[in-house]
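Before anything else, here's the structure in question.
What follows draws every value from the coordinates through simple rules; no lab data is involved. Source: prediction; values computed, not measured. Virtual Cβ from ideal backbone geometry, glycine too; neighbours counted across all protein chains shown.
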Amino acid sequence: METQKKDPCRKRNGREISFDFKLSVIDEINNGLISLNYASKKYNISRSTIEYWRNKLSNYASKSKSMSKEQEIKKLKERIEELEFVKDFQQDMIVEFEKITGEELSKKFLPEHLAQEIQRKKKKLTK
């Protein structure tokens, strides 16, 4: 009985593989979609190469997703301004609705502090 010799599998050279592909393979493994062994077989890349990528590129992925404190504060301040604008617009719409209908729905359905803000806006507009 003769044993068949398997041709050695030619592994991919790391220089041929794009940076985005490396990141996608690492993300699949880190997110638990595939195992390291399965990735090695699926993409025909040695496990040691994938481990090397994980060690080198894990810091890159975390740095690219993180923001500096100043950037985060700036983004949050912009978001606060947007939300304040929306709140003012909604309050103006409530004031107009109450003028048209003659009903004071804000006192019935809104929290007390918001109802008071709407009453102040009404007084400013009637002056």
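Scaled to the compact-protein estimate 2.2 N^0.38 Å, what is the alpha-carbon radius of gyration of segment 69-126, rounded to two decimal places?
In units of the globular-protein estimate, segment 69-126 measures up at 1.42.
Exceeding 20 Å between C-alpha atoms, which entries from my cross-link table qualify? They are Lys87/Lys127; Lys87/Lys121; Lys74/Lys121; Lys77/Lys124; Lys99/Lys124; Lys77/Lys121.
The pairs that break the limit, which is 20 Å between Cα atoms, are Lys87/Lys127; Lys74/Lys121; Lys77/Lys124; Lys77/Lys121.
Need one number: nm distance between label points at Leu23 and Phe85, each 7 Å from Cα along Cα→Cβ, rounded to one decimal.
3.0 nm
In whole Hz, with x marking every Gly and Pro, tabulate ³J(HN,Hα) for segment 110-127 from phi via Karplus 6.51 cos²θ - 1.76 cosθ + 1.60, θ = phi - 60°.
9, x, 4, 5, 6, 5, 5, 4, 5, 5, 5, 5, 4, 5, 5, 6, 7, 6
Can you compute the label reach from Leu76? Point 7 Å from Cα along the Cβ direction, backbone N cut-off under 17 Å, restricted to segment 84-115.
Label zone hits: 84.
In whole Hz, what ³J(HN,Hα) sequence does segment 22-28 give by Karplus (6.51, -1.76, 1.60; θ = phi - 60°), x for Gly and Pro?
4, 5, 5, 5, 5, 5, 4
Report the extension gain between Glu103 and Tyr38 in nm, rounded to one decimal, defined as 0.36 nm multiplied by the number of residues separating them, less their alpha carbon distance.
Result for the pair: 16.7 nm of gain on full extension.
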